[in-house]
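Accompanying notes for the structure given below.
Derivation of every value follows stated rules applied to the coordinates shown; laboratory data play no part. Remember, it's a predicted structure, so these values are computed and weren't measured experimentally. Cβ coordinates were reconstructed from backbone atoms using ideal geometry, including for glycine residues, and neighbour counts include every protein chain displayed.
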Amino acid sequence: MARPSKKAQGMRLVIGIVVSAVSFAMIHAATDRWLNLYYVTFGASLAVITWRTGGPGSLVPERLRRDQ
C-alpha cells in the first residue's frame with residue numbers, strides 16, 4: 001500500500017487539530033464568544049504540543065527502561 005503524500009498527511013493533521021480543538025471548546029460549553037475563542041486556541045495549542053512531543057504516552061516506555 002502506498003504512503004499518503006505530504007499534502008494528504010498535512011491535511012489529516014490540520015483536520016485532527018481542528019476537530020480536537022472544537023471538541024475541547026464544545027465540552028466546556030461557554031456562552032461567551034471570547035471564552036470560546038480561548039478554548040479553541042488552547043485546545044489547538046495542546047494538540048500541536050502533543051503532536052510535536054509524541055504525547056504523554058511516549059514517556060512511559062522510556063521511564064520503564066530507565067528504571068530497570
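Filter region 15-33 for residues that are loosely packed, with under 11 Cβ neighbours inside 10 Å and β-branched (Val, Ile, Thr); which is farthest from Ala44 (Cα to Cα)?
Thr31
If you take the residues of region 29-58 that are β-branched (Val, Ile, Thr) and in a helix (DSSP H, G or I), which of them is nearest to Gly10 (Cα to Cα)?
Ranking the qualifying residues of region 29-58, first place goes to Val48.
Taking only pairs six or more apart or across chains, which ones have beta-carbon atoms under 8 Å, a first residue in region 22-37 that is over 20 Å from Val48 (Cβ atoms), and a second residue that is of a type in the set (Ser, Thr, Tyr) and surrounded by 13 or more Cβ atoms within 10 Å (Cβ to Cβ)?
Note: pairs meeting the criteria are Ala30/Tyr39.
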